[in-house]
1. Out of the range 146-165, which residues are open to solvent by less than 80 Å² (accessible area, probe 1.4 Å), more than 25 Å from V73 (Cβ to Cβ) and either modelled with pLDDT under 85 or part of a loop (DSSP other than H, G, I, E, B) (or both)?
2. Could you grab me the full set of residues in the range 1-12 that are open to solvent by 30 Å² or more (accessible area, probe 1.4 Å) and within 18 Å of D35 (Cβ to Cβ)?
3. Please indicate, with yes or no, whether at least one residue in the range 113-120 is over 30 Å from L79 (Cβ atoms) and open to solvent by 90 Å² or more (accessible area, probe 1.4 Å).
4. When you scan the range 62-86, how many residues do you find that are open to solvent by less than 10 Å² (accessible area, probe 1.4 Å) and among the hydrophobic types (A, V, I, L, M, F, W, C)?
5. Can you name every residue in the range 22-45 that is more than 10 Å from the chain's Cα centre (by Cα) and touching a residue at least 24 places away in the same chain (Cβ under 8 Å)?
6. Restricting attention to the range 130-175, which residues are free of Cβ contacts under 8 Å to residues at least 12 places away in the same chain and within 30 Å of D85 (Cβ to Cβ)?
7. Might you let me know whether the range 168-178 holds any residue that is within 30 Å of T17 (Cβ to Cβ), of a type outside the set (D, E, K, R) and assigned to a helix (DSSP H, G or I)?
8. Among the residues of the range 128-145, is any in a helix (DSSP H, G or I), out of contact with any Ser or Thr (no Cβ under 6 Å at 6 or more places or on another chain) and basic (K, R)?
Amino acid sequence: IPVLAVPGYEADDVLATLSAMTFELGGECLLVTNDKDCRQLINERVKVFNIRKQEVVDAAAVERQWGIRPDQVVDFQALMGDSTDNVPGIRGIGEKTAAQLLNQFDTLEAVWERVEEVARPKLRELLTGGREMALLSRELVRLAKDVPLQIDWQAAHVGGIDLPAALELCSEFGLHSLPKRLSELFV
C-alpha cells in the first residue's frame, strides 16, 4: 500500500487532493478517516469510511446526521466552530442553529446578505457580530485540494496478497477474526 505524504501539508489536505484527482479521473474514492472535516469532500463518487463506527458516510448520511448537504459542511463548521480543531465559529451558535440557517439561506454569504430575515433578534446580533470569526473559521476548516501530489496509480493496485504470510501475521499479532475474513476473500 503506497503512503502519500507531502512535506508542509497536512494529511487532510493530501486526502482532499487525492479525492479531487480521483473524482476528476472518473474514479470512486473511499477515504478512511474519523475526521469530520473530510465530510466536505463527499460527493456522488467520494465517500468517507468512519473506522471507529464501521460505517460509510455518504451525502445521505451527512444529511441524516447534520441536516445539511456535504457542500455546506465548511459553512456549517464555520458557523458553529469545532473545539476539537480549535475552530472558534460564532459563539452561541450550535449544530442545530447552524443547520437551520443553512437550510434557510443555503450559504454563509447568503446568511449575511439576508440577515434581516433572521427572525430572532439575538441570533441576528450573534451573526452580525460574529461575521469575521466565521470567515476565519471557514478558512481554518476548508481543506486544500491543490497539494502538489504525484500518484503512482499502479502502485495502489489492490491484489496479489500472500495469504499464508498474512495468516501467519494474524497469528503472530493475536488477530482472531481477521484470518477467517481473509480466507473467505482470497480463496
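The values are calculated or read from the model by the stated rules, or taken from the named source; none is laboratory data. Here the structure is a predicted model, which is why all the values come from computation and not from measurement. Here the Cβ is made from the backbone with ideal geometry for all residues, glycine too, and neighbour counts use every protein chain on show. Areas reflect the complete protein model, heavy atoms only, side chains present, ligands, DNA and RNA absent. Shrake-Rupley method; radii C 1.70, N 1.55, O 1.52, S 1.80 Å.
1. Listed by number, the residues that qualify are A155, A156, G159, I161.
2. Selection gives V3, L4, A5, Y9, E10, A11.
3. no
4. Within the range 62-86, residues that are open to solvent by less than 10 Å² (accessible area, probe 1.4 Å) and among the hydrophobic types (A, V, I, L, M, F, W, C) number 6.
5. Passing the criteria: T22, L30, N43.
6. Of all residues in the range 130-175, those free of Cβ contacts under 8 Å to residues at least 12 places away in the same chain come to 132, 139, 150, 153-154, 157-160, 162, 164-165, 168-169, 171-175.
Within the range 130-175, E132, E139, Q150 meet the criteria.
7. For the range 168-178, residues within 30 Å of T17 (Cβ to Cβ), of a type outside the set (D, E, K, R) and assigned to a helix (DSSP H, G or I): absent.
8. Scanning the range 128-145, I find at least one residue that is in a helix (DSSP H, G or I), out of contact with any Ser or Thr (no Cβ under 6 Å at 6 or more places or on another chain) and basic (K, R), so the answer is yes.
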